Amino acid sequence: MRKRILRVSAVLLCLALLSGCKLLTRANIDFDADSISKAQKIVIRNADGEEKGVLTGEEEVEAFVDAINLGGWRLQELPEGLAEAGGFTLWQQETVAALIGGSSTRDAELCTLRVYADGDYLVIETGLADVPFAIPRETADYLRSLLA
């Protein structure tokens, strides 16, 4: 029971983090193109940690969010023995408070989306919890194509 409560809490935390970067705008995990204004960079890495690319332009990030179809995701345990294909780390520029700190800004990691080579699964890593999802086949194929 405690594990189930922890998992639900982790999912809510993850959704809160995603909504903080305006990837999600409604409780039913729907989004629109204007809602991604704070997601500024997505770093694509293969399973070995080698950087395969970076999405930095607003149009690139919007296309990525549109293609991952968040509405089709559902919580699900990962099967044993999945091979990781790679990950997508979402970054956002930190907010600088007036009169506190210097005038320089730096990027802050929001979360990482881990995808798997042999299944339609994804894990969101927030630093506090890892939340597993089953995702639509089209979404999984799209994400794996970016890792190729």
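Per-residue accessible area (protein heavy atoms, 1.4 Å probe) orders 144, 74 as 74, 144, starting from the largest.
The amide H of residue 52, built 1.01 Å from its N in the peptide plane, has 44, 45, 46 as neighbours under 5 Å, considering only residues 5 or more places off or on other chains.
Less than 12 Å from a label point 7 Å out along the Cα-to-Cβ axis of residue 117: which backbone N atoms in region 65-87 qualify, by residue? Residues 82-86 fall inside that zone.
Modelled spin-label separation between residue 137 and residue 93, with each label point placed 7 Å from Cα along the Cα-to-Cβ direction: 4.2 nm.
The values are calculated or read from the model by the stated rules, or taken from the named source; none is laboratory data. Remember, it's a predicted structure, so these values are computed and weren't measured experimentally. Every residue, glycine among them, receives a Cβ derived from its backbone with ideal geometry; neighbour counts consider all protein chains shown. Just so you know, the surface numbers come from the protein's heavy atoms only, side chains and all, with ligands and any DNA or RNA stripped out. Shrake-Rupley method; radii C 1.70, N 1.55, O 1.52, S 1.80 Å.
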